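Undergrad: Questions regarding the structure given below will be posed in turn.
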Amino acid sequence: MVAACDGGSAGTPTPTSTRTTTQPPDVTEHESGPESPITYGLQVPRGATQLGPLIRYRSARLIAAYLPELKAAQAQKDAEARDKAAEKASEGTPTTPTTPTPDTRPSDDTFKLLDDPPKPDSTVSLMRIDGDPSDVVRRMLAQIAALLPDSGVSTDDLGNYCSSAQRRITKCRLAIQGIAQGDREIRVVMTVDPGKIATRTSGPSDLTRPVMTISVEYVGEPRKGQLSRESNSLDGVKSIDSEPEKSGLIWPKMDEDAPATSKLLNGWTAPTSATILLSGYHPSFVVITAKRAVDADVTAEQYVLANSPNGRISKDVVEDLNEVSTTYSTRTKNGGTARATYVLSARGNYSVLFYEPTSN
């Protein structure tokens, strides 16, 4: 005799459908909070969090200005090496060839041969906006207005810098050039990316929040910019609390982050060995961290190589304080720029990748 089974009998749980979501990685050790210094006295504004390190690199203009001096120093070094080898040969001392050994250390500073290597003239900060986006952006605008007091930057109307559709902000961008303290001519670019509005999706690891970028570049005569130090303080920053925001624009809310396996940066996908800390669509960038330094370096170099139409890329290494930054770059086939900076620091190993379809 076969007994019938009742799936709804007491003590037997009824199967239920559950939705599984991928939890974002804990990246708090890679975060820098409000008032963290950026450059020229600018700071991470209240309500924002910087992910990963500051990206500091030498512009092509700065490299070109010092390249003749570097070539002369290298020629002198090569001549001295030849003279030393010739002297040993005349004394009958055999020259023993050296066998290279694998080394995971980054290369020496590109301009190490110079007594005073040029300091980076370009800085980029990549931030997630955790507080009210309008307030955070206006606080950043207030800092830029204080940095470039003659630039006419307004802090009470986001419509001056943000595009919108049906009152919902699609992206923001401010690009301005002026004279900062110390008679230094600089260019500041601020962008804000709320995510993809059509799909209500933020970039990977954005926690459904808008992302903001700040880039500052010295654009005056390259050598003159090395003579005076940039200011570490900023006076006259206006409070935004005393004036309401006039545009009435709305920040769209995102439902979820795109998965870490998404194609970004003109089709690039993050390697499984990396953790994405932050990403953006406008402009297109990704910040990743890797457990091994060599992985972070290879990721940066291979990304730029993949975008090079002829396999040639530029490389510049900067030793700065307790960090070593290696920047790779190339001009893409469509006239844009692919750039990646690998940063080795006490906090971790980072690669920060950028893609600009056309020159800004």
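Where a number appears in this text, it was derived from the coordinates with a stated rule and is not lab data. Everything numeric here is computed off the predicted structure, so don't read it as measured data. Cβ atoms come from the backbone with ideal geometry, glycine included; neighbour counts cover every protein chain shown.
Undergrad: Enumerate lysine pairs in region 178-288 that are 8 or more residues apart or on different chains, then count those whose Cα atoms are under 29 Å apart.
TA: 6
Undergrad: Quick one, which of [x] 1.45; [y] 1.23; [z] 1.72 is the actual Cα Rg over 2.2 N^0.38 Å calculated for this model?
TA: [y]
Undergrad: Tell me, what is the FRET efficiency for residue 175 and residue 78 to the nearest 0.05, using R0 = 51 angstrom and their Cβ-Cβ distance as r?
TA: It comes to 0.75.
Undergrad: Could you give the C-alpha radius of gyration of region 162-225 expressed as a fraction of 2.2 N^0.38 Å, taking N as the number of residues it contains?
TA: Cα Rg divided by the expected 2.2 N^0.38 Å: 1.51.
Undergrad: In region 149-225, which trypsin sites (Lys or Arg not before Pro) are in a loop and have at most 16 other Cβ atoms within 10 Å, using DSSP for the loop call?
TA: Listed in order of number, the matching sites are 167, 200.
Undergrad: Calculate for the chain the 222 nm mean residue ellipticity that helices alone would give, adding -39,500 (n - 2.57) per DSSP H run of length 4 or more and normalising by residue count, nearest 500 deg cm²/dmol.
TA: Rounded to the nearest 500, the figure is -6000 deg cm²/dmol.
Undergrad: So what are the radius of gyration and Dmax for the Cα set of region 190-267, in Å?
TA: Calculated on Cα positions, Rg and Dmax stand at 18.8, 49 Å.
Undergrad: Would you kindly state how much longer the chain becomes between residue 157 and residue 46 on full extension, computed as 0.36 nm times their sequence separation minus their alpha carbon distance, in nm to one decimal?
TA: 38.1 nm
Undergrad: Round to a whole angstrom and tell me the spacing of the C-alpha centers of region 231-248 and region 106-150.
TA: 18 Å
Undergrad: Separate question: So if R0 is 22 Å, what FRET efficiency would residue 229 and residue 107 give, r being the distance between their Cβ atoms, rounded to the nearest 0.05?
TA: 0.25
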